[in-house]
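Beneath this line is the structure, given in structure tokens, with notes to follow.
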Amino acid sequence: MSSVDQPRPVVCAGTPAHTGTLVRQRLAAQSDVLNADLERLVTTETPSTDPGSLGRGADVLARWVRQRWPGVEVEQVVGDATVAGSPEAATVVRAEIPGSLPGTVVLLGHHDTVFDTGTIEQRPFSIAEQTWEGRTRRVAHGPGVFDMKAGIVLGVHAIAALDAQGIPRPTVRLLINADEEVGSLGSRGVLVKQSEHALGALVLEPGGCTGTLKYARKGVGLWDVNATGIASHAGLDPERGASAIHALADLACHAVSLADPAVGTTVNVGTFSGGGRANVVAPAARLELDVRARTVREAERVEGGLLSWSPADPRVRVTFDGGWNRPPWQATDATHALIRVAEQAVAGWGLSLDLREVGGASDGNVLADAGITVLDGMGASGDGAHAAHEYAVLDDMPERAGLLAAVVAHWPCAG
Ligand SMILES: [Zn+2]
């Protein structure tokens, strides 16, 4: 897609492309404000595992949203703290920004990151120029900048830009949780309840390359498998032992045989540990499985295959903990209706969408499983999620915001 200062000019008033153009142009002129807001969020470190930081991060977010819309209702809704490990990790920052069109659109994001407290000292927020494919762009670095603090910034500014220009839109409910990177176990009840009667949800996860949206995500199944056998001398009386390692080695092969890459089903034995000494039959072993599937049918097939397995030596006891952390998400007709709006927006700019199905799950999967219409990957462009080279493309922020604003304002059911 072209840079924001060169939008194709032929767009008709009242169309998604026209709405998106107005938002792009406004935000292109406010890049200093966007960058300052992004710096504020990135320098407020929020690792999923640090409750104190998550609490401070939620306060910063709430204050920032109130500054954008003075008088707007912003609250912190605590989910299931027992599961999340702390009230801070279970908390969802919720803001209700009233609109003049019927219905409510959810903007869904997370402010937790995978980076430990102190990463900001090694990798401070910075803005630099980066050149690839002959184009030089301004990018921002810093922990969590791409996944997904830039998405939160562009989402909030997209709605503010609609309002500043008097463009009608449905009510927007902003939901930002703090445990997404660790499975959203504490917050998912709040997310589903707050989205139940909405027109649908736009997820502020990174969009990858410029112009990318996500319309399907695989489900993720995680299992922690523990085996308990019987220790014995490997030379003197091996028959008295029951090897936990041998049992789980058999399970590992069985699990991998359940994969079917042709239909997108993958199985990964991510960790394998056990035993203590070479001359002892191993009394304990453990492995962790990561399974990805595109459809519920495939998810059920693999789960059934795993749980029906039993060790050849009946003296070994095996326990499976886990299950489908996030179920598969496939685009529905309602998602395709949203995609058509997005296509109209970018077509008016002389561009085309890059629609992707990806293996990584998000909270979009959780909402879609609850029957809510979802379009994902509405956040920033950039690269390197969860990695040290992570960056968000600042020059694309107005364009990404324009796309999001067009979908919100021209939501198919919103009249
Ligand atoms: Zn994310």
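The values are calculated or read from the model by the stated rules, or taken from the named source; none is laboratory data. If you're wondering where the values come from, they're calculated on a predicted model, not measured in any experiment. Counting neighbours? That spans all protein chains shown, and the Cβs are built from the backbone with ideal geometry, glycine included. When the accessible area is computed, the model is the full protein with side chains, heavy atoms only, and any ligands, DNA or RNA have been set aside. Shrake-Rupley method; radii C 1.70, N 1.55, O 1.52, S 1.80 Å.
Computed values, structure above
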| quantity | calculated |
| --- | --- |
| In the range 385-409, residue surrounded by the most Cβ atoms within 10 Å (Cβ to Cβ) [restricted to those that are at pLDDT below 95 and small (Gly, Ala, Ser)] | ALA385 |
| Residues satisfying the stated conditions in the range 230-266, i.e. open to solvent by 40 Å² or more (accessible area, probe 1.4 Å), assigned to a strand (DSSP E or B) and of a type in the set (Val, Ile, Thr) | ILE230, THR266 |
| Residues of the range 288-311 classified as surrounded by fewer than 20 Cβ atoms within 10 Å (Cβ to Cβ) and under 14 Å from PRO328 (Cβ atoms), total | 6 |
| Flag if GLY323 is at positive phi, of a type outside the set (D, E, K, R) and open to solvent by less than 60 Å² (accessible area, probe 1.4 Å) | yes |
| Helices (runs of 4 or more DSSP H) fully within the range 57-171 counting 3 or more residues that are in contact (Cβ under 8 Å) with a residue 24 or more places away in the chain | 81-84, 87-90, 150-164 |
| Residues (β-branched (Val, Ile, Thr), away from the ligand (no atom under 16 Å from the Cβ) and modelled with pLDDT of 95 or more) located in the range 120-149 | ILE120, ILE127, VAL139 |
| In the range 356-384, residue farthest from the ligand (Cβ to nearest atom) [restricted to those that are at pLDDT 90 or above and open to solvent by 50 Å² or more (accessible area, probe 1.4 Å)] | GLY371 |
| Residue within the range 273-285 that is touching a helix residue (DSSP H, G or I) at 6+ places or on another chain (Cβ under 8 Å) and touching a residue at least 60 places away in the same chain (Cβ under 8 Å) present | no |
